[in-house]
1. Taking a 21 Å limit on the Cα-Cα distance, which of the listed pairs Lys215/Lys255; Lys235/Lys255; Lys39/Lys83; Lys23/Lys327; Lys23/Lys215; Lys190/Lys215 fall beyond it?
2. Among 173-186, 286-299, what's the highest-first ranking by average C-beta atoms within 10 angstrom per residue?
3. Which of the peptides 154-165, 343-354 is most tightly packed, and how do the rest follow, judged by the mean count of other Cβ atoms within 10 Å per residue?
4. Which order, highest average first, do 302-310, 64-72 follow once you tally other Cβ atoms within 10 Å for each residue and take the mean per peptide?
5. Please give the FRET efficiency for Lys66 paired with Lys235, using the beta carbon to beta carbon distance and R0 = 35 Å, rounded to the nearest 0.05.
6. Return the whole-Å distance between the Cα centroid of region 163-208 and the Cα centroid of region 9-44.
7. How many angstrom separate the Cα center of region 74-140 from the Cα center of region 350-370?
8. For every helix of n ≥ 4 consecutive DSSP H residues, a contribution of -39,500 (n - 2.57) applies; sum these over the chain, divide by its total residues, and give [θ] at 222 nm rounded to the nearest 500 deg cm²/dmol.
Amino acid sequence: MTLRVAVVGGGPAGSSAAEVLAKAGIETYIFERKLDNAKPCGGAIPLCMVSEFELPPEIIDRRVRKMKMISPSNREVDISLVKTDEYIGMCRREILDGFMRNRAHELGAELINGRVVEIKITDKGKSPYVIEYNDMSAGGSQGVRRSLEVDLIVGADGANSVVAEAINAGDYNYAIAFQERIRIPPDKMKYYEELAEMYVGDDVSTDFYAWVFPKYDHVAVGTGTMKVHKKDIKKLQAGIRARAEKRIEGGEVIKIEAHPIPEHPRPRRVVGRVALVGDAAGYVTKSSGEGIYFAAKSGRMCAEAIVEFAQQGQRIPTEADLKVYLKRWDKAYGMTYKVLDILQRVFYSSNASREAFVEMCADMDVQKLTFDSYLYKTVVPANPFTQLKITAKTIASLIRGNALAP
């Protein structure tokens with residue numbers, strides 16, 4: 001026998017999984033319904049992802065070395081990377097996703113332009129799984145219905161995952177990201193050459209932040225919130241447009257995007273011979289809202305576990321085997337998610353706490369710890385004296401902003 005694996009979803013999570021599987025010689029199918037898909041997100045990736053996932057320079061639109069934090073009262077704090085070779089990469093998702101997906105295909109994964117509509121699990125999961133999909137390459141608006149038998153499925157199909165539904169993975173809370181791509185005049189674009197902006201305040205997001213991130217020839221202006229009603233998100237988007245008005249004046253909206261973003265991992269991420277990765281699993285961090293790196297990393301870690309237990313593709317990994325991936329993931333990143341969850345609840349709960357948050361970002365110790373953790377995905381341990389200073393400054397900022405008032 002030869003192990004057959006279907007990867008549903010061709011974003012960073014699915015593409016990273018398919019690449020590892022294909023390199024190992026495993027029969028791999030990767031499903032993507034829209035080959036030009038552009039998921040609405042800020043598109044920021046940490047420096048470590050560029051090297052770890054061997055991303056070529058041409059897919060990085062901008063190398064951001066400066067961040068401007070803007071408080072509810074419009075207090076601005078400038079943060080700059082000290083080392084000249086460090087940067088935050090800004091990407092358009094259609095470019096990044098397309099590159100990673102095509103690379104997996106070139107390495108041997110069969111790319112299917114199809115929309116998965118149903119997953120049949122028969123004989124209590126002992127028989128092959130059957131994937132029913134609409135083949136969009138066959139023509140017509142709905143494509144042609146086809147089916148494929150596989151031994152194992154990696155669900156990388158986002159927040160509205162068909163794979164998660166098929167295995168009853170459970171629900172999770174989710175936020176909505178809304179973003180406008182705006183082409184602004186060249187003189188204003190020059191301002192954003194190496195700069196990204198983050199705005200906080202209940203006028204731009206009740207529980208998150210809003211952003212102006214530079215892309216190739218435009219800026220992405222957006223917000224995120226747990227308040228999912230259309231009137232709420234439109235009101236908040238109007239808020240960030242108003243706050244950034246002078247810097248984006250004269251701009252032309254070239255695209256409007258919206259998408260759900262999971263707020264925490266699903267209750268069940270492995271069931272039978274099905275494993276969830278990326279947004280389908282719920283791997284978006286609180287506080288920062290980062291998901292691209294963690295999506296790609298989870299896809300790679302899941303596929304590495306499959307390869308490890310597949311014995312050169314001659315054995316079908318079990319549920320227990322797939323859960324080894326979960327144990328490794330939770331050990332590596334579980335604490336990161338918990339800490340960022342706490343930070344979001346503390347600093348995004350009121351305008352007073354948001355003011356304290358921005359004030360704290362002016363501190364060089366905080367900046368170094370934050371950027372090192374983001375760029376390299378390692379929680380850099382500060383020495384005890386520095387940790388004590390950061391804790392004291394955090395409490396002092398909260399007190400000055402009356403954020404601790406009952």
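Derivation of every value follows stated rules applied to the coordinates shown; laboratory data play no part. The structure presented is a predicted model; accordingly, all values stated were derived computationally and were not measured. Note: ideal-geometry Cβ built from the backbone for every residue, glycine included; neighbour counts use all protein chains shown.
1. Values: Lys215/Lys255 13 Å; Lys235/Lys255 18 Å; Lys39/Lys83 31 Å; Lys23/Lys327 24 Å; Lys23/Lys215 32 Å; Lys190/Lys215 12 Å.
Beyond 21 Å: Lys39/Lys83; Lys23/Lys327; Lys23/Lys215.
2. Values: 173-186: 19.2, 286-299: 24.0.
Top to bottom by mean Cβ count within 10 Å: 286-299, 173-186.
3. Highest mean packing first, the order is 154-165, 343-354.
4. Numbers: 302-310: 22.3, 64-72: 19.6.
Top of the packing list down: 302-310, 64-72.
5. Working: r = 29 Å, r/R0 = 0.84.
Efficiency for this residue pair is about 0.75.
6. 22
7. A separation of 34 Å, based on Cα centres.
8. Mean residue ellipticity, 222 nm, calculated: -11500 deg cm²/dmol.
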